[in-house]
1. Inside region B:343-426, counting only helices (runs of 4 or more DSSP H) that do not spill past its ends, which hold 3 or more residues that are within 17 Å of the chain's Cα centre (by Cα), free of Cβ contacts under 8 Å to residues at least 60 places away in the same chain and not assigned by TED's automatic domain parsing to the domain that holds B:Ala23?
2. State all residues of region A:170-184 that are within 13 Å of another protein chain (Cβ to nearest Cβ) and either surrounded by fewer than 19 Cβ atoms within 10 Å (Cβ to Cβ) or assigned to a helix (DSSP H, G or I) (or both); if no residue qualifies, say none.
3. Taking region B:269-290 as the search range and keeping residues that are among the β-branched types (Val, Ile, Thr) and farther than 20 Å from B:Leu341 by Cβ, which one is farthest from the other protein chains (Cβ to nearest Cβ)?
4. Would you check if A:Tyr150 is of a type outside the set (D, E, K, R) and out of contact with any Lys or Arg (no Cβ under 9 Å at 6 or more places or on another chain)?
5. Please indicate, with yes or no, whether at least one residue in region B:318-333 is within 12 Å of another protein chain (Cβ to nearest Cβ) and either acidic (Asp, Glu) or surrounded by fewer than 19 Cβ atoms within 10 Å (Cβ to Cβ) (or both).
6. Please go through region B:10-21 and pick out each residue that is more than 7 Å from chain A (Cβ to nearest Cβ) and surrounded by fewer than 21 Cβ atoms within 10 Å (Cβ to Cβ).
7. Mind telling me which of the residues A:Gly162, A:Gly146 ends up being touching a residue at least 40 places away in the same chain (Cβ under 8 Å), farther than 23 Å from A:Leu36 by Cα and either within 10 Å of chain B (Cβ to nearest Cβ) or not polar (S, T, N, Q) (or both)?
8. Which condition number in (1) more than 11 Å from chain B (Cβ to nearest Cβ); (2) within 26 Å of B:Val275 (Cα to Cα); (3) of a type outside the set (Ser, Thr, Tyr) is the one that A:Gly66 fails?
Amino acid sequence: MSSSDYKQTNTIAAVATQASETIAVRIIGATERLCLVIAGTLLVGLVLSTTLDATLRYFLGAPIRGLLEFTTDFSMPMIIFLALPSCYRLGGNIRITLLTQRIRGRPQAVLNVVVQIIVAVTAFLMTYALLQQLVRNFELGSMRSGAISYAIWPSYAAVFFGLALTSVMIVMDMRNAASGTAGTFAGDVE
Amino acid sequence: MDLLIFSPVILLIVLMLIGVPIAFSLALAGFAGIWMFLGDWGRAITVLGTSTYSTIADYNLSTIPLFILMAFFASGGNLASNLFKAISAWSSNVRGGTAVASTIATGVFGAMSGTTTATASVMSEISIPEMRKLGYKDELSSGVVALGATMAILIPPSVPLVIYGLMTETSIGALLLAGVLPGILLGFCLLITILAWVKFDPSIAPNLRPATWKEKRESLVPVLPAVVMLGTVILLLYSGFATPTEIGAIGACAAGLIGFGMRALNLSGSLNAIVKALRSSAMIFLILLGASIFGYFVTFTQIPQHASEWIISMDLNRWLVVVVIIVLYFLLSMFMDEMPLMLISLPITFPIIISLGFDPVWFGVMNMLMAAMGQVFPPVGISAFVVAASGRVDLLKVYKGCGVLLIALVLTTILVMIFPSIALFLPGLR
């Protein structure tokens, strides 16, 4: 292979990598927005159903059956974990920057990458731990019994999905960590 | 083994200092501690998976996103600016009246929002430019907002008090009621301090034209829905008719309807409020999650029990212990937001306080007062930072204003400490 052929192959490979990265970013972005829409819909549903439940209980003595269980096991975990990817992208992580804000230049870039790796490792540990719970609950067919009975694994699945998506976003942001523009560092709240 | 127990604590401190977000620092240090204590990777992973889900799957916790949504609807619905305009008109015949108005409006909006930073941010944008235009010194206008915003964590619905209740298994209803009188007392002390400062140094506040009766009457109309909403929330809480979660839902519904009714909130504004509420909630819950994992480690190692036994064995005066804890809280809150501070420290300090015979509800209120002090005090002071950024005021001027007005907060803290019934009176009536 001549030198020009080698260069051309490298350029094609670089363009292909960039294109696949762009597609991956787009897919992740669209999934994140879909998760946010589901979480928002569930939050509005929680507001309306809880208000209706309180009103019906007070005036008719007839609360909505199973609402407490649905809120506990489905609404809450889904609202929080499906909103987590957007929370990460928009930043707003509470960090102590008293010392780190005094570091500049290359040491800061190195520290940012180290922090991002630690965050990624922690997120993946939690995702892995949740996957184990999801598989266990699915295999055992765990049910929650109360006013209504239902399988618990779909809720675990939603929680796992939100956390896994966030973990992937954290890893994909590794390159932005050095410049301090990754979600971990964006919009710091001290 | 004894010293090894503290290695996850040291890891936590190191992670936080190098800038790892607090939620992830807590989770990783907690997991390392659990793994070290159990000596079994598989069991440690099971604890991590179980606690990640079970921390969030809690009906009582649904109060938090609902209160936060209520705050963002109230903010988007111009309730804060209407309040400020109305109280400004009614206090215009007093020198420093606009500062008084800013304090009351900040307190009332804080009561609707439940968080200090949100209140400080919203009120800085509303009142500081207006006060600057009228000739008020930045030290006074920014100090008033920074200190006034701290009332948010006392007057219900207070998100930090809800979290305190969940962490310590103390009645959330009782805690929310316990914050009412200390919150009002803080507001009252703040007003007296402002008027005394203006009397001592009239150059900081101009003499303004008093508003006419017509202007005063007209200013009341847009405020009425907000007052009704806040009154309803307090009434529901006090009567015990609704649970805190239901109050959050009803409050969010009411704030949204008021915003739409007054044409201050449209579909796009509502969606924006929902996204902001989701983002804030996810951020708070991630920290809660980290704290819960770290809490498992603390429980396994029985550090709180050992600490309580050690302190009791020293036979110290219980008030000395509580003063030391309070001073420590104050020092730590200068570097940390109230919520992570509470989540990290409560598993250790709460059992000590209870074993010394103090009331958990009273300690909750004291905790909030300490956090409030740290939020306006250098070198960090998150509320002061937010006011400086949102109100475009030099940080030193904000600190100067806070330094003078801090007298009100110190006085309130001393009064609540000497007379616990200020906090415990309302919960006792239920």
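The values are calculated or read from the model by the stated rules, or taken from the named source; none is laboratory data. Because the structure is a prediction, the values reported are computed rather than measured. As a convention, Cβ positions derive from the backbone with ideal geometry for all residues, glycine included, and neighbour counts pool all protein chains shown.
1. B:360-376
2. Correct list: A:Ile170, A:Ala177, A:Gly180.
3. B:Val275
4. When the stated conditions are applied, A:Tyr150 does not pass them.
5. Yes; the residues of region B:318-333 include at least one that is within 12 Å of another protein chain (Cβ to nearest Cβ) and either acidic (Asp, Glu) or surrounded by fewer than 19 Cβ atoms within 10 Å (Cβ to Cβ) (or both).
6. Those that are more than 7 Å from chain A (Cβ to nearest Cβ) and surrounded by fewer than 21 Cβ atoms within 10 Å (Cβ to Cβ): B:Ile10, B:Leu11, B:Ile13, B:Val14.
7. Working: A:Gly162 fails: farther than 23 Å from A:Leu36 by Cα.
That would be A:Gly146, the only listed residue that is touching a residue at least 40 places away in the same chain (Cβ under 8 Å), farther than 23 Å from A:Leu36 by Cα and either within 10 Å of chain B (Cβ to nearest Cβ) or not polar (S, T, N, Q) (or both).
8. (2)
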